[in-house]
1. Could you say whether any residue in region 8-18 is surrounded by 13 or more Cβ atoms within 10 Å (Cβ to Cβ), of a type in the set (A, V, I, L, M), within 25 Å of the chain's Cα centre (by Cα) and more than 24 Å from T154 (Cβ to Cβ)?
2. For region 49-104, name all the residues that are part of a loop (DSSP other than H, G, I, E, B) and over 17 Å from the mean Cα position of the chain (by Cα).
3. Would you pick out the residues in region 90-122 that are over 14 Å from K139 (Cα atoms) and among the polar types (S, T, N, Q)?
4. Please go through region 105-155 and pick out each residue that is free of Cβ contacts under 8 Å to residues at least 24 places away in the same chain, in a strand (DSSP E or B) and more than 20 Å from W19 (Cβ to Cβ).
5. Has region 21-30 got at least one residue that is outside the structural domain of I123 (by TED's automatic domain parsing), touching an Asp or Glu at 6+ places or on another chain (Cβ under 9 Å) and not hydroxyl-bearing (S, T, Y)?
Amino acid sequence: MDKKTKVVYREIQRPQQVWLWVLILLEAAYMWYWFIQQIIFGVPIGNNPAPDLVTIIFWILFGVALPVLMLGVLKLIIEVRIDGLYVRLFPLHIQYKQYLFKEISNYETLTYSPLKRFGGLGIRFNAKGETAYNLNGKKGIELRLKHNKVVIGTQKPDELKKAIDSVLKVQ
C-alpha cells in the first residue's frame, strides 16, 4: 500500500434496529406465504389474484433479494486514511466517497436526530444542502466543507475524531 491508501481507522456498521428487522422479516414472510399458497399449492390469494409471473417476481424481489441485501449485505464502511475520510454504503456505492482533509475546513462530533435533520437513515440529503451517511444511532461526526456539510453516523465518534486528529497532527 502506498501512504495515501494506508488505513488508520476503520469502522463497519450494519443495520441493528429491531423494528427494521421485524418489518423486513414480516414482509418476507408474507411474500413466502403468498408464493407457497399460489405457486406450490395453486390457491390464489385475494379476490383479484396476481398472475403467477407477478407472484414469482415479487417473491424474488421482496421475499429473497430485499432481506438478503438489507440484513445480510448492507453495511456502512468508514475509513480514515492519510489523505482523508472515506465512506462507502455497500452495495449502493461501488467506490468509496472521499472527503480529503484539504477540503475539510472543520469537523466535530455531534449528537443529532437522523429523522428530524435528514428524514431517516441511509444516504440522505436535506433542504440545507447537507448530506448524511447513517445506518444506526444518533451520534456522528460533522464535516464542514467549503460549500456544504456532511454528517457521518458512527458508533464510535470519539475514536473516529481521535483518528482524524492523529492523521492531521502528522501532516
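1. No: region 8-18 contains no residue that is surrounded by 13 or more Cβ atoms within 10 Å (Cβ to Cβ), of a type in the set (A, V, I, L, M), within 25 Å of the chain's Cα centre (by Cα) and more than 24 Å from T154 (Cβ to Cβ).
2. Narrowing region 49-104 to residues part of a loop (DSSP other than H, G, I, E, B): 49-51, 74, 82-83, 91-96.
Passing the criteria: P49, A50, P51, I82, D83.
3. Q95, Q98, S105, N106
4. Hits for region 105-155 are F125, T131, K149.
5. The first filter runs over region 21-30 and keeps only residues outside the structural domain of I123 (by TED's automatic domain parsing), leaving 21-30.
The next check asks that each one be touching an Asp or Glu at 6+ places or on another chain (Cβ under 9 Å); those that pass are none.
No, there is no match, as no residue in region 21-30 is outside the structural domain of I123 (by TED's automatic domain parsing), touching an Asp or Glu at 6+ places or on another chain (Cβ under 9 Å) and not hydroxyl-bearing (S, T, Y).
The values are calculated or read from the model by the stated rules, or taken from the named source; none is laboratory data. Here the structure is a predicted model, which is why all the values come from computation and not from measurement. All Cβ positions, glycine included, derive from the backbone under ideal geometry; neighbour counts span all protein chains shown.
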